[in-house]
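Below is one structure; the comments refer to it alone.
Every number here is computed from the coordinates shown, using simple stated rules; none is lab data. The model shown is predicted, which means the values in this text are computed figures rather than measured ones. Positions of Cβ are generated from backbone atoms using ideal geometry, with glycine treated the same way; all protein chains shown enter the neighbour counts.
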Amino acid sequence: MKVDDIFSYADLVHAEKANLQRGMNFRIRPAYSIFLMSLRKNAPYQDAVDQVTGTLIYEGHNHPKTQRCRNPKVVDQPIVTPKGTLTENGKFFTSAMNFKNGVQKKAELIKVYEKLQDGIWSYKGFFELVDAAFVQSGRRKVIKFYLRPVLKKSIGQIEDLPHNRLIPSHVKLEVWKRDRGCCVRCGASKNLHYDHDIPFSKGGSSLTAENVRLLCVKHNLEKSDRIMCLMPWVLVGAQTAFQLGRK
Ligand SMILES: [Zn+2]
């Protein structure tokens, strides 16, 4: 799985072998936790990504709706349950503080998935939980978790790409709609991933949809092979061929 790969919710559940019903999943695996995030306008929580540093600012979650708490949006986000145990907010908050104070040597490793639209998810890679804070939001306090991208980490079979290649969500959605959720070479709708027409290393931008397209795994690998083998001046021709092939 590579950063910016996209897949259905069913694929996500299959890949993690877990029914991810909640957004925050502390130590769902011995080696890592999972956050599900969204940058959509109508998302329930205000997550954000700093496009320069790649830092993810993830909002904690509300008190569950109960008889005693009918409007969770007006109460502080809880770190303990009524029984006195830690909520998911509390577990992550404690870990962030322990790391910050040097009690915990390693930062909590968190794997992040982003919801692009209903049923469509994107893999954002691994992050380290380096800090957390209560922040005033209107009349109540919400928790913000600060996650630093892990640039290159090999965990099992997973290899992350550098996070400076992250494509903003609005570009992803634009590309997804334009390419109709299919590989632009063969029309496949599975194992898709966002591909830079002109590689990032050669100055291609991920900030506009023009330079980004959907490719299936097979065609993405084919392209990588060709780029490795071809001389730079041939590459320009190959890219023009790709662009023509799209139409
Ligand atoms: Zn394809």
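Taking amide hydrogens as placed 1.01 Å from N in the peptide plane, the amide H of residue 181 sits under 5 Å from that of no residue at least 5 positions away in sequence or on another chain. Bridgeable aspartates and glutamates around residue 202 (alpha carbons under 17 Å apart, same-chain partners fewer than 8 residues away excluded): 210, 225.
Charged neighbours of residue 25, selected by a Cβ distance under 11 Å, balance to +3 (K, R count +1; D, E count -1). Remark: segment 9-20, residue by residue, has Karplus-estimated 3J(HN,Hα) of 4, 4, 5, 4, 4, 5, 5, 8, 6, 8, 7, 7 Hz, where x stands for each Gly or Pro and the curve is 6.51 cos²θ - 1.76 cosθ + 1.60 at θ = phi - 60°.
What relative contact order, as a whole-number percentage, does segment 5-163 give when Cα pairs under 8 Å and 6 or more residues apart are counted?
24 percent
Cross-link partners of residue 144 among lysines, defined as those whose alpha carbon lies under 20 angstrom from its own and excluding same-chain residues fewer than eight positions apart: 41, 73, 91, 100, 106, 111, 115, 124. Ignoring aspartates and glutamates fewer than eight residues from residue 141 along the same chain, the ones with Cα atoms less than 13 angstrom from its Cα are 59, 76.
Please report, in debye to the nearest 20, how large the charge dipole of segment 48-147 is about its Cα centre when each Lys and Arg carries +1 at its beta carbon and each Asp and Glu carries -1 there. Spell out each step's value before the answer.
On the way: 16 positive and 9 negative charges, 99 e Å.
Charge dipole of segment 48-147: 480 debye, to the nearest 20.
Over all other residues within a Cβ to Cβ distance under 11 Å of residue 44, the charged ones net out to +1, with Lys and Arg as +1 and Asp and Glu as -1. Averaging Cα coordinates gives a centre for segment 6-63 and one for segment 176-199; these two points are 23 Å apart. The local environment of residue 137, defined by Cβ-Cβ distances under 11 Å, has a net charge of +3 under the rule Lys, Arg +1 and Asp, Glu -1.
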